[in-house]
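A.B. asks: I'd like to ask some things about the structure below.
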Amino acid sequence: MFASDSTLSLSEGQFVALSNAERQSKSGEMMSQLASLKQLARAVAQAGRDAASKGDTAQARKHFTSLKQCGTALDSPDCLRIVQLVGQALKKMGDAELANIPP
């Protein structure tokens, strides 16, 4: 999702430089990717909760660390502003908050 040719890696300047039709297309792609990312985040958070409930703190931390790394990637200067806001929110969450991401 964060490959250099991904919609999520466009800068705001690159997005603005697109034609209206391209912007609409890219916006659709971005929303689709964010929806997929949201599903992935839920699955990773659930896996972290499952590991924590079994007493496997190392595995739980691995899952919650992955969520924070995703937030860091989304918050990079090359991401569009809406994506950056999602990344900033994820980065601010502690492990306990990440564990409570609703399904």
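A.B. asks: With everything on Cα atoms, drop me the angle between helix 20-53 and the longest principal axis of the chain, reported from 0 to 90° to the nearest 10.
C.D. replies: Helix 20-53 sits roughly 0 degrees off the main axis of the chain.
A.B. asks: What length, rounded to one decimal in nm, is gained on full extension from Ser76 through to Arg23, with 0.36 nm per residue of separation minus their alpha-carbon distance?
C.D. replies: Full-extension gain reported as 17.1 nm.
A.B. asks: Next up: In the chain, if the dipole is taken from +1 on Lys/Arg beta carbons and -1 on Asp/Glu beta carbons about the Cα centre, which of Ser36, Ala17, Ala47 is farthest to the positive end?
C.D. replies: Projecting each Cα onto the dipole axis, the largest value belongs to Ala47.
A.B. asks: Using the alpha-carbon atoms, what tilt in degrees (0 to 90, nearest 10) does helix 57-74 show relative to the longest principal axis of the chain?
C.D. replies: Here the helix axis deviates by roughly 10 degrees.
A.B. asks: Quickly rank 37-46, 15-24, 60-69 as a protection proxy: mean count of other C-beta atoms within 10 Å, highest first.
C.D. replies: The peptides rank, most packed first, as 60-69, 37-46, 15-24.
A.B. asks: Continuing with this model, one more query. Quick one: putting +1 on the C-beta of Lys and Arg, -1 on the C-beta of Asp and Glu, what dipole do you get for the chain around its Cα centre, in Debye to the nearest 20?
C.D. replies: Roughly 300 debye, rounded to the nearest 20.
A.B. asks: Which of the following values of semi-axes √(5λ) of the Cα gyration tensor in Å was calculated from the structure shown: [x] 30, 12, 10; [y] 21, 14, 12; [z] 18, 17, 12?
C.D. replies: Step by step, semi-axes √(5λ) of the Cα gyration tensor in Å for this structure corresponds to label [x].
A short reminder: the numbers here are calculations on the coordinates, not readings from a lab. Remember, it's a predicted structure, so these values are computed and weren't measured experimentally. A quick note on method: Cβ atoms are made from the backbone with ideal geometry, for glycine too, and the neighbour counts reach across all protein chains shown.
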